1. For the range 223-246, state whether one or more residues are of a type in the set (Phe, Trp, Tyr), on the phi < 0 side of the Ramachandran plot and outside any helix (DSSP H, G or I).
2. Looking at (1) open to solvent by less than 10 Å² (accessible area, probe 1.4 Å); (2) modelled with pLDDT under 95, which one does Pro197 not meet, given that it meets all the others?
3. So, Val353, is that one open to solvent by less than 70 Å² (accessible area, probe 1.4 Å), in contact with an Asp or Glu (Cβ under 9 Å, 6 or more places away or on another chain) and either in a loop (DSSP other than H, G, I, E, B) or of a type in the set (A, V, I, L, M, F, W, C) (or both) or not?
4. Would you mind finding the one in Gln297, Gln268, Gln284, Gln276 that is under 30 Å from Ser181 (Cβ atoms), open to solvent by 10 Å² or more (accessible area, probe 1.4 Å) and not β-branched (Val, Ile, Thr)?
5. Regarding Gln100, is this residue open to solvent by 60 Å² or more (accessible area, probe 1.4 Å) and assigned to a helix (DSSP H, G or I)?
6. Looking only at the range 395-410, how many residues end up being surrounded by 15 or more Cβ atoms within 10 Å (Cβ to Cβ) and in contact with an Asp or Glu (Cβ under 9 Å, 6 or more places away or on another chain)?
7. Give me a count of the residues in the range 359-369 that are part of a helix (DSSP H, G or I), open to solvent by less than 70 Å² (accessible area, probe 1.4 Å) and at pLDDT below 95.
8. Kindly check whether there is at least one residue in the range 298-313 that is touching a Phe, Trp or Tyr at 6+ places or on another chain (Cβ under 8 Å) and of a type in the set (A, V, I, L, M).
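The values are calculated or read from the model by the stated rules, or taken from the named source; none is laboratory data. Here the structure is a predicted model, which is why all the values come from computation and not from measurement. Cβ atoms come from the backbone with ideal geometry, glycine included; neighbour counts cover every protein chain shown. Ligands, DNA and RNA are stripped out before the accessible areas are found, and what is left, the full protein with its side chains, is counted by its heavy atoms. Shrake-Rupley method; radii C 1.70, N 1.55, O 1.52, S 1.80 Å.
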Amino acid sequence: MTTKLITGTGLQLLRRYDKKPESYKAQLLDDDGPSYIRVFVSILRDIFKEETVEYVLALIDEMLTANPKRARLFHDKSLASEDPYEPFLRLLWKGNWFIQEKSCKILSLIVSARPKVQIGYTANGESSDSKKKLSTVDDVLNGLVEWLCAQLKKPSHPSRGIPTAINCLATLLREPLVRSSFVQADGVKLLVPFISPASTQQSIQLLYETCLCIWLLSYYEPAVEFLATSRALPRLIDVVKGSTKEKVVRVVVLTLRNLLYKGNFGAQMVDSGLPQIVQSLKAQAWSDEDLLDGLNQLEEGLKDNIKKLSSFDKYKQEVLLGHLDWSPMHKDPAFWRENITNFEENDFQILRVLITILDTSTDPRTLAVACFDLSQFIQIHPAGRVIVTDLKAKEKVMKLMNHDNGEVTKNALLCIQRLFLGAKYASFLQV
């Protein structure tokens, strides 16, 4: 007070508030909240002693943690000539970790609680009844995004830096301006590495908040374009495949549902085996309505995508799902001629799955079609016999020649004949 850094009224208010029980403080804030805010903000604006700054930030943090709605007090019209943002924006970059973390948290809450139409503020950020330049909302949001991206790149604190940044982003990415400046700052690619399966309580919370950020970004077209060129989709699918935490599964399913019809995401999801994963997720006992709706919408959307796929993509889906039927393509010579080289993709992945089906399926129709398809591959592919023999299919097909079902034995026999006789003679053998 002697150095005029605090007014007499300010000192009185502080003495009345400091070191009092929670219920008593709550009453003071209910009666005269804006006056306390003015004192706190003016101390942070005018006093730079670290201990004092930390103490006042702790008081504000405690007050907002007890009741986040108190953030609205910073926007009371009696404070129209004050700049409630400036001290916190400055402290983001100036203080130790305690000061940075508290400033970030408080600033996020204050800016999110602003009235949607700023009372007493003009567009350029000057108060309408003063010539003093105030921080605009844009300044605050851009300043926060800059600090948050800096934390994701090079955290100020080894264990708290990244969780704090992601926690704040999960709130702030609801703001359209934050989405656009986050994308411009190349923030999307900084988030993607944190989409990875988690086991500890702490890492599950971080994963949940990261996925929440990705979900919010999935509503913003430029962010979706960034996600499309990153590893976000396979990472989200890994998470949903391995997670048992309902809130994590829900936010990932809703993100996938948003991305399904954008760009090439639908086809990639089908390729990554998401239809099978959705089936197994639907078989689990979830209680969350949004999750159940999301799974149904995702399932329907994926079915639509499969319908639009080329004939080989459809074939691939049928094989990967493990349910084969006599759909027209199996017996269509043109299908085999045009697509025979596609079977070589990913080290003959589809052929390997087809051979596995011979061992694992109990459905006679599936087994019969799998034998027939193998015999087609042997006949059409120049190295068909060698490849199928190398993949140890012969023993599996031989076993099926003793199957109870006539359709299975007939097609197993055809496959063995083509395997032994070679293409020259096998072409005479038609079913």
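1. First, the residues of the range 223-246 that are of a type in the set (Phe, Trp, Tyr): 226.
Remaining after also requiring on the phi < 0 side of the Ramachandran plot: 226.
Filter once more, so that each one left must be outside any helix (DSSP H, G or I): none.
No, the range 223-246 contains no residue that is of a type in the set (Phe, Trp, Tyr), on the phi < 0 side of the Ramachandran plot and outside any helix (DSSP H, G or I).
2. Only one criterion is unmet by Pro197, namely (1).
3. Working: open to solvent by less than 70 Å² (accessible area, probe 1.4 Å): yes; in contact with an Asp or Glu (Cβ under 9 Å, 6 or more places away or on another chain): no; either in a loop (DSSP other than H, G, I, E, B) or of a type in the set (A, V, I, L, M, F, W, C) (or both): yes.
Taking the combined requirement at face value, the residue does not satisfy it.
4. Working: Gln297 fails: under 30 Å from Ser181 (Cβ atoms); Gln284 fails: under 30 Å from Ser181 (Cβ atoms); Gln276 fails: under 30 Å from Ser181 (Cβ atoms).
After ruling out the rest, the residue left standing is Gln268.
5. Numbers: open to solvent by 60 Å² or more (accessible area, probe 1.4 Å): no; assigned to a helix (DSSP H, G or I): yes.
So Gln100 fails the test.
6. 1
7. Taking the range 359-369 as the starting set, the residues that turn out to be part of a helix (DSSP H, G or I) are 359-360, 364-369.
Subset that is open to solvent by less than 70 Å² (accessible area, probe 1.4 Å): 364, 366-369.
When the remaining residues are screened for being at pLDDT below 95, the result is none.
Number satisfying all stated conditions: 0.
8. No, the range 298-313 has no match at all.
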